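One structure below.
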Amino acid sequence: MYIRLAQVLWGLFMMVLPSIIGRVLLALGMGFVTFKGFDFIVTWILNNAKDNLAGMPSEILQFLGFLWVDKAIGMIFSAFSAALLVKLAGSTSVTKMVNKAPG
């Protein structure tokens, strides 16, 4: 009896396994592409902001340093990255398996 049950469960698992592997690979690929694209954009914006700040007079840069503007910019970009990571980790729209009842 237990052998037959194990065979049935193994058969069901083998039917579902390709779908699970495909969905996991799809989710990982989409997550990687999204994160790399976002990282590229954030790095580009941050570098442009640094370049624009570097062209300012030294008195203004000292004042901005006193106000910790550089730390604020870093925190903002870190928050963007963390928010993206949380949204990607909690997103199940791609990996969700939909089981519809017959009828």
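The values are calculated or read from the model by the stated rules, or taken from the named source; none is laboratory data. As the structure is a computational prediction, the values presented were derived from the model and not from experiment. Cβ atoms come from the backbone with ideal geometry, glycine included; neighbour counts cover every protein chain shown.
Here are a few things to note about the model shown:
- Reported count of residues in segment 46-70, each being modelled with pLDDT under 85 and in a helix (DSSP H, G or I), is 6.
- Of the residues making up segment 1-40, those that are under 16 Å from the mean Cα position of the chain (by Cα), of a type in the set (A, V, I, L, M) and loosely packed, with under 11 Cβ neighbours inside 10 Å are Leu25, Val33.
- Close pairs (8 angstrom Cβ cut-off, 6 or more residues apart or separate chains): touching a residue at least 24 places away in the same chain (Cβ under 8 Å) and closer than 15 Å to Lys87 by Cβ in segment 28-41, part of a helix (DSSP H, G or I) and among the hydrophobic types (A, V, I, L, M, F, W, C) anywhere: Gly31/Leu88; Thr34/Leu84; Thr34/Leu88; Phe35/Leu84; Phe35/Leu85; Phe35/Leu88; Phe38/Phe80; Phe38/Leu84
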